[in-house]
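The numbers here are math on the coordinates, done by the rules we state, and not lab data. Just so it is clear, the model here is predicted, and its values are computed rather than measured. Virtual Cβ from ideal backbone geometry, glycine too; neighbours counted across all protein chains shown.
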Amino acid sequence: MAETNIKVFDEDKLIDTTGLRTGIPFTPKLLFSIAGTIIIYIALNFVTLSAYGDNCAKALAFACATIFWMITTPCEMAVSAFLIATLGTMAGVITWSDVKSRLGSSAFYTVLGMAVVAMGIRFTPFGQRLAYWLLYRFGQKPVRMVVIIGFMTAIISAFVSHLAVLILVSGICNKLLLTIGEKPGESKLGKTLMLTITMASNVGGMGLINGAPTGNLQGIALMNAASGNLNLMVTYVNWAKISVPTLLITIVPCLLIYVFVCGLKNRDLKMPPPSYYKEYLDSIGKMGGSEYRWIIITIGMVTAMLAGMNTAQAALFFAALCMLPGIGVSNCKNVLKVLPWGVLMCVCMCPLIGTIITNNGVSDLLNAVITPLFGQMGPLAFSILSTMVFFLAMNLMVNADYGVQALVVTLTTTLCIGLGYDPRTVLLPVMLASGWMWAIGANYIVMMNKEYGWWEMKDPALPGFVTGFFLCIAVPVINYILTPLWGLSFYL
């Protein structure tokens, strides 16, 4: 023990190059990120853009350098969030009042409340019960089983955090596959099912704002920040009017694409009888009070939001109910340990990039330079192009989703307003695409069920990109058809 302590002491140098304390060593990747960020900031500061605003060059430099840092850095997202707020004020492209105002006007409270409510599924057996019931009813044919599990994964993910559903369903299906004799790396059913769960949970996350609260609300916050004084907020109800039909229309074709591309056929294997799943279902026991309470709380939150209650207020209220003695389902101490604090910090501070671009003339620069290129493009074509760019960027720049989202949403919102379009409707497909990250196996969301060993890194690419391109066209078209039916407009 003494030798170990001496060794750690010796390695604890003035400069932590090994990452002993921070967990992030000085690697070529980190050095590239730091150097690239500095070079971009310095270089763009020399560009003459005073015609668009006294701080335009500095704001453009800061925004581009920040996004580059977010895309390339190995640091946690909370670190980037803190740097945006502090360095932005030091550089003079935002004020401290802008930073303070973000907490109240951002999606922080909404994401916090929704995350707490969603965690209830981790502390009750409801998720396992539902999965085994579905297998008991529909698990006799491989293709039907994959489609049904994928469909229900998507539906549940609309109400509960899609990441929580992904982790839950992946664990249950892994146990199922092993029990029926399937072997990781050799099972066509295992590969198809696990990849499908990943895609379905992400597609389901677009169904309601609370399905993927971080990405959905972050997109809305970025759009609102980039719209300047227009204050273009997307309400919970307007989101649901478009996204719920979109989810129901697109999820089955997406599931069938995975089945077809992965080559799964019913004749490939014989599935266990219903009695097999019934034993697992019976082992959980009868439905308990905590499950009923969590269902009631979740339905209550969604109903309150649909009825017009302030989204943040509803999320916080029902989050409190989840932890109240007697009627709650979650231990507050356990909840506080697993809350995604880094994500919450980003929700508060990443929209400051939109503020920087809007308040310092960068949006005027973008309109002057880029808008003429899109002058002949209608709202549908612009929506399809923007969604396609977002999908490709999110999947090619692996694990840089916050940086990509900040870049694409901010720029497309600025261009959309410059063209006279209402970003709340034209760019809603871009908002929905915030969680479409399933085409590259190295993505941290996809990796959440990679550990079980049912698929290889190359396997998500083909079905992932096929479903992604399908959605990039289908979702804007559905949005284009449904928007006028709800009395909404594509124009400001």
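Here is how the numbers come out for the structure above:
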| read-out | value |
| --- | --- |
| In segment 116-341, lysine pairs with alpha-carbon atoms under 12 angstrom apart (chain gap of 8 or more, or interchain) | 5 |
| Gain upon complete extension [Phe469, Leu31; 0.36 nm per residue less C-alpha separation] | 154.2 nm |
| Computed E for Lys100/Leu336 - FRET, C-beta separation, R0 22 angstrom, nearest 0.05 | 0.40 |
| Cα centre as origin, Lys/Arg/Asp/Glu Cβ charges: the chain dipole, Debye | 1260 |
| Share of alpha-carbon pairs per 10 Å distance bin for the chain, given as whole % | 4, 19, 27, 26, 16, 7, 1, 0 |
| Projected label distance in nm at Arg144 and Thr48, using a 7 Å step from Cα toward the beta-carbon | 7.3 |
| Segment 375-490: Rg to Rh, with Rh as the Kirkwood radius over Cα pairs | 1.04 |
| Listed residues Val116, Cys254, Tyr276: farthest to the positive end of the dipole of segment 116-341 (Cβ charges) | Tyr276 |
| q = 0.09, 0.10 Å⁻¹, segment 116-341: log10 I(q)/I(0) [Debye, one scatterer per Cα] | -0.41, -0.50 |
